[in-house]
Amino acid sequence: MTKNEALKKQFDPVFTAINDLLAKQEYVTVAIDGPSGAGKSLLGQLIKESYDCNLFHMDDFFLQDHQRTIQRLEEVGGNIDYERFTKEVIEKIKGQEDFSYRVFDCKTGDFSHSVRVSPKKLNIIEGVYSSHPLWYDILDLKVFLSIDKEKQEQRILSRNGPQMLERFKREWIPLEDKFFTALSTAKKFDIVIDS
């Protein structure tokens with residue numbers, strides 16, 4: 001069994017649910033949420049490799065500097081530009097026309113490029129805050145990937161290095177925890193997988 005086959009087996013409930021929804025509905029929108037390091041991007045890529053679908057990354061919708069106010073960061077789910085995601089993606093995702101959205105680059109603090117999107121029957125949104133309550137009415141399947149704190153820190157350290165790990169622990173993980181606590185995680189998701 002290859003590594004990809006083993007991973008797909010781990011995520012089999014997600015693939016089964018997607019197949020069931022695609023058999024019944026004209027459009028299917030899936031959110032893959034969970035803490036940093038839980039494997040959301042990996043699952044999104046596995047789905048993209050298995051289906052003709054669009055894959056949207058919440059990392060492309062981080063807040064711009066002028067949006068990062070104390071008031072905004074105290075807001076549950078306020079750590080992403082949900083207004084721009086709603087306008088540039090959510091409002092257009094089930095339409096019949098091509099559209100584009102801008103990708104925000106955290107390293108430069110500016111938009112790096114635009115992505116052109118063609119309508120697809122299946123749309124995947126991956127990343128922390130992808131299951132924001134503002135979009136509940138458009139989400140057909142909400143998946144939560146959980147991870148214990150020790151493994152999370154190991155993955156972030158390996159992926160981002162020690163300085164970024166400290167920043168994750170100081171800034172982003174507390175905001176994520178606040179969001180998931182407010183959502184009452186187990187009750188709000190259709191599928192929960194311990195990654």
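The values are calculated or read from the model by the stated rules, or taken from the named source; none is laboratory data. Nothing here was measured: the structure is a model prediction, and the numbers come from that model. Neighbour counts run over all protein chains shown; Cβ positions are idealised from the backbone, glycine included. Just the protein is used for accessible areas: all its heavy atoms, side chains included, with ligands, DNA and RNA removed. Shrake-Rupley method; radii C 1.70, N 1.55, O 1.52, S 1.80 Å.
In the chain, the DSSP beta bridges split such that about 30 percent are antiparallel, to the nearest 5.
Remark: spin-label model distance E26-D98 equals 2.2 nm, labels positioned 7 Å along the Cα→Cβ axis.
Excluding ligands, DNA and RNA, the accessible surface per residue across the chain is 52 Å² with a 1.4 Å probe.
Basic side chains Lys and Arg get +1 at the Cβ, acidic Asp and Glu get -1 at the Cβ, and with that the dipole of the chain about its Cα centre reaches some 260 debye.
Along its first, second and third principal axes, ordered by size, the chain spans 44, 39, 30 Å in Cα coordinates. Separation of segment 78-155 and segment 1-53, taken as the distance between their Cα centroids, equals 15 angstrom. The charge dipole of segment 43-130, taken about its Cα centre with unit charges on the Cβ of Lys, Arg, Asp and Glu (plus for the first two, minus for the last two), comes to roughly 200 debye.
Take every pair of alpha-carbon atoms less than 8 Å apart whose residues are at least six positions apart; their mean separation over the length of the chain yields a relative contact order of 33 percent.
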